[in-house]
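Working notes, structure below.
The values are calculated or read from the model by the stated rules, or taken from the named source; none is laboratory data. The structure presented is a predicted model; accordingly, all values stated were derived computationally and were not measured. Every residue, glycine as well, gets a Cβ built from its backbone with ideal geometry; the counts of neighbours run over all protein chains shown.
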Amino acid sequence: MPDERRGFLTKLLAMVCGGAAVVPPVAAGLWAFLDPLSRRSGAARFMPVTELSAVPDDGIPRQFAVISDRVDAWTGFAAEPIGAVYLRREKGSDMVEALSATCPHAGCFVEMADANRCFRCPCHNSAFTLDGGIVHPSPSPRPMDGLECRVGKNGQVEVKFEKFRAGIADKVATA
């Protein structure tokens, strides 16, 4: 009888130790699987870009970096450029227009071509007017992507920054 009891206690201790050895990796795997659900969604939000006084009222777009905190897996990066926008406003207006600096054709950054007073994509030579329209012939399937923009009470220009899928005719936001 004492041998049976010892055998039972040995088996019970082996099960407890085995369970203790299995729980941490299972819990870590479950946490890694569910962690993206607990993170903040990538939905677009208004982000401060610059002061209204920094956007000249001459109708010519100027490029501004979009700065935000970013988390990559478990590493956090404070105040890092996450993209760029072109801002412009007309003479005497406090209303600002915003265009994404990303080409809708292949996702490259669009540059301002001063000689032609238009935008050019250096990757595949797409061309766009100052208001973002396509200059034909162009490989781009759609005009430059406009973004919602507002001027806050304190004169801060805020842009609802989001990225869109490249290479398709429809303007579809990426997650």
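All but one of (1) farther than 23 Å from Val66 by Cα; (2) touching an Asp or Glu at 6+ places or on another chain (Cβ under 7 Å); (3) among the polar types (S, T, N, Q) hold for Gln156, so report the exception by its number.
Tallying (1) farther than 23 Å from Val66 by Cα; (2) touching an Asp or Glu at 6+ places or on another chain (Cβ under 7 Å); (3) among the polar types (S, T, N, Q), Gln156 fails exactly one: (1).
Filter the range 95-150 down to residues that are out of contact with any Leu (no Cβ under 7 Å at 6 or more places or on another chain) and among the polar types (S, T, N, Q) and give me whichever is farthest from Ala166 (Cα to Cα).
Here the residue is Asn116.
I'd like the full set of residues that are without any contact (Cβ under 8 Å) to a residue 24 or more places away in the chain and within 16 Å of Pro141 (Cα to Cα), limited to the range 93-121.
Within the range 93-121, Cys108, Arg120, Cys121 meet the criteria.
Could you list, ordered by first residue, the pairs with Cβ atoms under 9 Å in which the first is in the range 28-41 and modelled with pLDDT of 55 or more and the second is surrounded by 10 or more Cβ atoms within 10 Å (Cβ to Cβ) and of a type outside the set (Asp, Glu), at least 6 apart or interchain?
Matching pairs, first to second residue: Arg39/Val71.
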